[in-house]
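Participant: After the structure tokens below, expect a handful of questions from me.
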Amino acid sequence: MKILFSMHGEAGHHLGTFRLARALVSRGHRVTYLGLPRVRQLVEDQGFAFIEFAGDLFATPGDGQESPAGEALFRRYTTAIVDGNLDACLLSARPDLLLCDSFLWYVALRALRLGIPTIQISTSLFLFDNARIPPAVTSLRPGRGLLSALRISLAWKLMHLRYLVTKRLASRLFGAYRAPLRMHHLTDTFLWVARQSGVRLRRNVTYLQDEIGPHLILPELVLCPAAFQLPGPRAKQRRHCGDFIDFQRQEPPLPFDPSGRTTILCSLGTSAGAYGQARRFFAAVAEASALTPELFFVLHISDPALIGAFASSANLLVVPWISQLTLLRHAAVMVHHGGLNSIMECVQNDVPMVILPCARDQPGNAVRAAHHQLALTAEARSITAERLRQLIGEAMADPGLKRGLRRMKEQIERERGLQQAVAFIEGFTADFTAGGDIDEP
């Protein structure tokens with residue numbers, strides 16, 4: 001079977017798919033990736049074929065060309081989605097099946113138009129209105145009884161209201177989110193692409209409004225163990241693939257020898273520049289390292305605009321990139337933002353965590369990690385060096401975190417998510433047809 005993956009253009013969305021892709025290749029299937037030019041190298045370094053979409057809109061450094069910017073780029077990009085360019089990319093792989101990031105509803109809509117069977121992949125735990133589980137964009141911790149249910153219900157209502165103001169109206173009035181990597185928030189563009197694709201939609205029947213925007217109702221693989229979710233009802237179309245960490249991932253060697261060091265890995269992931277708390281976090285790490293000479297800190301700063309403000313020292317290594325999976329085999333604690341990839345890589349390596357969520361689904365991930373005794377949590381916007389030192393010391397000494405990590409790892413092994421995901425994909429024969437009328441904005 002020829003299987004085409006199409007994932008959102010951030011590295012984190014791809015990293016979680018590589019183990020599944022390798023498992024499919026080992027079963028005799030042919031795997032190809034479709035995406036933006038910025039992830040080509042990442043994909044090809046893992047040994048997979050890559051089809052580039054809209055490469056002409058993104059200049060390559062040193063080629064003397066300039067990329068369009070702002071609204072001009074957005075219009076040309078959305079035009080390429082519906083004018084046949086994306087269709088040609090999809091068809092060039094001659095796929096029997098598309099595994100499509102839930103953020104990339106426009107790819108799924110064009111695949112539906114072309115009659116390509118499609119399964120969604122989610123790299124987050126974003127949900128829809130739920131009676132017992134609060135939105136992942138909040139740090140609300142569920143409890144028992146009527147009061148907790150009322151708080152959760154109110155949180156969902158406020159979340160939808162906030163979405164209407166901060167995303168939908170902000171897009172119409174100020175042009176917010178009108179960019180290729182942020183357009184998954186745009187309901188109006190979602191409906192426009194559906195109309196251009198001849199796909200009829202009905203809200204709550206063929207699509208839902210989730211925590212970040214429109215979400216097609218299709219069979220779906222979630223790259224996260226079911227055991228990590230909070231207790232509560234779950235969508236029937238969702239299947240979990242919890243053992244998704246790719247231990248065969250190709251990484252460069254570490255830039256230092258970790259032997260004999262008590263290493264603390266600190267990172268806000270690959271999108272640090274998008275977080276307003278980033279500079280405060282990095283400064284706290286740098287100061288904490290100066291106050292704790294017995295520990296060796298590795299500080300990953302992915303934002304070129306920020307990394308120049310922090311220098312390495314005798315027990316602080318500042319790097320723009322780190323082989324995280326390799327380093328976690330030697331780390332005593334990881335301090336991070338709460339990305340699912342980082343959480344699960346720590347679980348697989350028995351590394352206690354300190355989570356300082358910044359945005360997106362990170363607050364909800366932090367709540368889940370604390371609920372399952374995998375991590376200590378704090379507010380990134382108010383973190384200090386002294387508080388960070390305290391949390392790192394507590395995480396290193398807390399036997400409850402080690403027990404929680406072992407328990408989660410055992411639950412992941414019992415779920416056999418990877419095997420179930422492969423079996424689901426191989427048995428997938430459903431013919432998806434979206435029906436009904438399009439909801440108007």
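The values are calculated or read from the model by the stated rules, or taken from the named source; none is laboratory data. None of these values were measured; they are calculated from a predicted model. Methodologically, a virtual Cβ is constructed for each residue, glycine included, from the backbone with ideal geometry; neighbour enumeration extends over all protein chains shown.
Participant: Name the single residue, out of those in region 2-39 being part of a helix (DSSP H, G or I), among the hydrophobic types (A, V, I, L, M, F, W, C) and in contact (Cβ under 8 Å) with a residue 24 or more places away in the chain, that is farthest from Ser323 (Cα to Cα).
Facilitator: Within region 2-39, the subset part of a helix (DSSP H, G or I) is 11-15, 18-26, 37-39.
With the extra rule that they be among the hydrophobic types (A, V, I, L, M, F, W, C), the set shrinks to 11, 15, 18, 20-21, 23-25, 39.
So of that shortlist, the ones also in contact (Cβ under 8 Å) with a residue 24 or more places away in the chain come out as 11, 15, 18, 20-21, 23-24, 39.
Working: Ala11: 13, Leu15: 12, Phe18: 16, Leu20: 20, Ala21: 20, Ala23: 22, Leu24: 25, Val39: 17 Å.
Top of the filtered list is Leu24.
Participant: May I ask you to list the residues in region 346-381 that are within 21 Å of Ile245 (Cβ to Cβ) and of a type in the set (Val, Ile, Thr)?
Facilitator: Val347, Val351, Val354, Ile355
Participant: Please state which one of Arg132, Arg113, Arg141 is charged (D, E, K, R) and either within 20 Å of Lys236 (Cα to Cα) or part of a strand (DSSP E or B) (or both).
Facilitator: Going through Arg132, Arg113, Arg141 in turn, just one is charged (D, E, K, R) and either within 20 Å of Lys236 (Cα to Cα) or part of a strand (DSSP E or B) (or both): Arg132.
Participant: Which number in (1) touching a Leu at 6+ places or on another chain (Cβ under 7 Å); (2) not assigned by TED's automatic domain parsing to the domain that holds His13 marks the one condition that Arg239 misses?
Facilitator: (2)
A quick yes/no check of all residues on (1) closer than 16 Å to Ser122 by Cβ; (2) touching a helix residue (DSSP H, G or I) at 6+ places or on another chain (Cβ under 8 Å):
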| site | (1), (2) |
| --- | --- |
| Thr17 | yes, no |
| Gly28 | no, no |
| Leu34 | no, yes |
| Leu42 | no, yes |
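Participant: A follow-up question, please. If you take just the strands (runs of 3 or more DSSP E) that sit entirely in region 276-366, which of them hold at least 1 residues that are among the aliphatic types (A, V, I, L, M), surrounded by 24 or more Cβ atoms within 10 Å (Cβ to Cβ) and touching a strand residue (DSSP E or B) at 6+ places or on another chain (Cβ under 6 Å)?
Facilitator: It comes to 296-300, 331-336, 353-355.
Participant: With the condition kept exactly as written, say whether any residue in region 18-32 is surrounded by fewer than 19 Cβ atoms within 10 Å (Cβ to Cβ), under 25 Å from Leu418 (Cβ atoms) and hydroxyl-bearing (Ser, Thr, Tyr).
Facilitator: Taking every residue of region 18-32 in turn, at least one turns out to be surrounded by fewer than 19 Cβ atoms within 10 Å (Cβ to Cβ), under 25 Å from Leu418 (Cβ atoms) and hydroxyl-bearing (Ser, Thr, Tyr).
Participant: A further question follows. Would you confirm whether or not region 251-267 contains a residue that is touching an Asp or Glu at 6+ places or on another chain (Cβ under 9 Å), of a type outside the set (Ser, Thr, Tyr) and buried (at least 18 other Cβ atoms within 10 Å of the Cβ)?
Facilitator: no
Participant: Does at least one position in region 81-92 carry a residue that is small (Gly, Ala, Ser), outside the structural domain of Gly339 (by TED's automatic domain parsing), under 30 Å from Ala370 (Cα atoms) and part of a helix (DSSP H, G or I)? I'd like the intermediate steps shown before the answer.
Facilitator: Kept after step one, since they are small (Gly, Ala, Ser), are these residues of region 81-92: 84, 88, 92.
Right, trim to outside the structural domain of Gly339 (by TED's automatic domain parsing) and you get 84, 88, 92.
Remaining after also requiring under 30 Å from Ala370 (Cα atoms): none.
No, every residue in region 81-92 fails to be small (Gly, Ala, Ser), outside the structural domain of Gly339 (by TED's automatic domain parsing), under 30 Å from Ala370 (Cα atoms) and part of a helix (DSSP H, G or I).
Participant: Among (1) in contact (Cβ under 8 Å) with a residue 60 or more places away in the chain; (2) farther than 21 Å from Arg238 by Cβ, which single condition is Gly84 missing?
Facilitator: (1)
Participant: Name the single residue, out of those in region 184-205 being in contact with a helix residue (DSSP H, G or I) (Cβ under 7 Å, 6 or more places away or on another chain) and without any contact (Cβ under 8 Å) to a residue 60 or more places away in the chain, that is nearest to His8 (Cα to Cα).
Facilitator: Top of the filtered list is His185.
Participant: I would also like to ask the following. Restricting attention to region 386-397, does a residue exist that is out of contact with any strand residue (DSSP E or B) (no Cβ under 8 Å at 6 or more places or on another chain) and part of a loop (DSSP other than H, G, I, E, B)?
Facilitator: Within region 386-397, not a single residue is out of contact with any strand residue (DSSP E or B) (no Cβ under 8 Å at 6 or more places or on another chain) and part of a loop (DSSP other than H, G, I, E, B).
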